[in-house]
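J.: Let me give you the structure first, and then I'll get to my questions.
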Amino acid sequence: MKSVLFSRFFILLPWILIVIIMLDVDTRRPAPPLTPRPYFSPYALGRGSARLPLRRGGPGRSPEKRNESRAQPPPQPQLPTIYAITPTYSRPVQKAELTRLANTFRQVAQLHWILVEDATARSELVSRFLARAGLPSTHLHVPTPRRYKRPGLPRATEQRNAGLAWLRQRHQHQRAQPGVLFFADDDNTYSLELFQEMRTTRKVSVWPVGLVGGRRYERPLVENGKVVGWYTGWRADRPFAIDMAGFAVSLQVILSNPKAVFKRRGSQPGMQESDFLKQITTVEELEPKANNCTKVLVWHTRTEKVNLANEPKYRLDTVKIEV
Ligand code: UGA
Ligand code: MN
């Protein structure tokens, strides 16, 4: 009897071992290699590409966990895309400004960057920069006519309109996807919390802006959840006394007001925001964000003009370096 049991055991043993080895090999199968990504970006690169969070398969992760992650994720409500329109122009600090912006935007989910150069063609510097920025983006250009390039005149009118036109064209044939538009000048500073706030914009939302209008901040005054006035030190007569960085507009509103644009004719500096907002909303309709407009989440920083007084005219550096 004993010998029969022994012989059965030895016949089954190799099979048991094979099954154990196969199970082990399967769970240790390495994860598929990650697609090549820009060296500093956890996100998929590409113009207009959907944003893919990096699959993390770090050493701390057990094989069982990895298997679990192959299961269908629970359906998530679609996150509205934030479209950030940034006018930009060539100057010594341009790449530094764009780098700071990209470092912020890269941390915001579902953000599409519309970068509009004030130029007759797309520059190599900006093209190269965007290609490595690791952000879904669109690169446009339109020059400001010479006659409007004067101190005291509004800036970036044509560039913001080019961004609006692109957005409208992109969505002309489909039902509007949930989206939010925001004008993100290249010299401001943006907190990540700002994007959480603006993402829930239904029509037009507003919030305070720091370091603007000759004050530490400007803000919409809110009573019972409604904007009733403006805390500002500069031209309080503006219908919407707010900086370009102080509001966001839903894509739906942009599409249902196809004629709303920034205007050159009759527009004074500081009135562009009011002239635009008047075309799409009323003060009563505004949605206050940032805890009823009591938190500063964006700053109108303005970068100091750099001192290049010691740039050499002769005996230049032996290498050509992009700054
Ligand atoms: C203020 C507001 O914050 C701006 O939104 C507004 O456009 C501007 O005034 C105005 O006067 O029109 P400010 O800091 O004085 O901003 O303006 P900039 O930051 O110098 O320019 C606003 C945006 O336009 C920036 O993104 C800048 O790169 C771009 N810009 C400026 C151009 O594309 N071309 C130019 O010639 C100048
Ligand atoms: Mn600025």
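The values are calculated or read from the model by the stated rules, or taken from the named source; none is laboratory data. From a predicted model like this one, the values you see are computed outputs, not experimental measurements. Virtual Cβ from ideal backbone geometry, glycine too; neighbours counted across all protein chains shown.
J.: Tell me which of these Arg91 doesn't satisfy, since it passes every other one: (1) basic (Lys, Arg); (2) at pLDDT 95 or above; (3) not in a loop (DSSP other than H, G, I, E, B).
T.: Status for Arg91: all satisfied but (3).
J.: Can you find a residue in segment 97-114 that is under 28 Å from Thr281 (Cα atoms), buried (at least 17 other Cβ atoms within 10 Å of the Cβ) and within 13 Å of ligand 1 (Cβ to nearest atom)?
T.: Within segment 97-114, one or more residues are under 28 Å from Thr281 (Cα atoms), buried (at least 17 other Cβ atoms within 10 Å of the Cβ) and within 13 Å of ligand 1 (Cβ to nearest atom).
J.: Could you count how many residues in segment 277-294 are out of contact with any helix residue (DSSP H, G or I) (no Cβ under 8 Å at 6 or more places or on another chain) and either modelled with pLDDT under 95 or surrounded by 15 or more Cβ atoms within 10 Å (Cβ to Cβ) (or both)?
T.: Residues that pass the stated criteria total 7.
J.: Contact list please: Cβ distance under 7 Å, first residue in segment 295-311 and more than 12 Å from ligand 2 (Cβ to nearest atom), second residue modelled with pLDDT of 95 or more and in a loop (DSSP other than H, G, I, E, B), pairs at least six apart or on different chains.
T.: Lys295/Pro208; Val296/Pro208; Leu297/Ser191; Leu297/Trp207; Val306/Pro92; Val306/Val93; Leu308/Pro92
J.: Right, something else. Mind listing whichever residues of segment 100-126 are in a helix (DSSP H, G or I) and within 16 Å of ligand 2 (Cβ to nearest atom)?
T.: Arg100, Leu101, Thr104, listed by residue number.
J.: Kindly provide the set of residues from segment 149-195 that are within 9 Å of ligand 1 (Cβ to nearest atom) and surrounded by fewer than 13 Cβ atoms within 10 Å (Cβ to Cβ), ordered by number.
T.: Answer for segment 149-195, where residues must be within 9 Å of ligand 1 (Cβ to nearest atom) and surrounded by fewer than 13 Cβ atoms within 10 Å (Cβ to Cβ): Lys149, Gly152.
J.: Continuing with this model, one more query. Filter segment 196-228 down to residues that are on the phi > 0 side of the Ramachandran plot and surrounded by 13 or more Cβ atoms within 10 Å (Cβ to Cβ) and give me whichever is modelled with the lowest pLDDT.
T.: Residues of segment 196-228 that are on the phi > 0 side of the Ramachandran plot, as a first pass: 211, 213-214, 224-225.
Now drop any that are not surrounded by 13 or more Cβ atoms within 10 Å (Cβ to Cβ), which leaves 211, 213.
Values: Leu211: 98, Gly213: 93.
Checking each candidate, the answer is Gly213.
J.: Okay, moving on. Find the residue count for segment 181-218, including only residues that are part of a strand (DSSP E or B) and not aromatic (Phe, Trp, Tyr).
T.: Summing the residues that are part of a strand (DSSP E or B) and not aromatic (Phe, Trp, Tyr) in segment 181-218 gives 12.
J.: Report yes if some residue within segment 234-242 is more than 16 Å from ligand 1 (Cβ to nearest atom), modelled with pLDDT under 95 and in contact with a strand residue (DSSP E or B) (Cβ under 8 Å, 6 or more places away or on another chain); otherwise report no.
T.: Keep residues of segment 234-242 that are more than 16 Å from ligand 1 (Cβ to nearest atom), which gives 236-237, 239.
Filter again for modelled with pLDDT under 95, leaving 236-237.
Pick out the ones that are also in contact with a strand residue (DSSP E or B) (Cβ under 8 Å, 6 or more places away or on another chain) and you get 236.
Yes.
J.: Here is a follow-up. Please count how many residues of segment 127-180 are under 19 Å from Gln268 (Cβ atoms), polar (S, T, N, Q) and either more than 16 Å from ligand 2 (Cβ to nearest atom) or in a loop (DSSP other than H, G, I, E, B) (or both).
T.: Selection size over segment 127-180: 2.
J.: What pairs come up if the first residue lies in segment 120-147 and is over 17 Å from Ala102 (Cα atoms), the second is in a helix (DSSP H, G or I) and of a type in the set (Gly, Ala, Ser), and their beta carbons are under 6 Å apart, counting only those six or more places apart or on different chains?
T.: Pairs that qualify, where the first residue is over 17 Å from Ala102 (Cα atoms) and the partner is in a helix (DSSP H, G or I) and of a type in the set (Gly, Ala, Ser), are Val142/Ala162.
J.: While we're looking at this one, here's another question. Gly233 - would you say it is touching a residue at least 12 places away in the same chain (Cβ under 8 Å), in a loop (DSSP other than H, G, I, E, B) and either buried (at least 21 other Cβ atoms within 10 Å of the Cβ) or not hydrophobic (A, V, I, L, M, F, W, C) (or both)?
T.: yes
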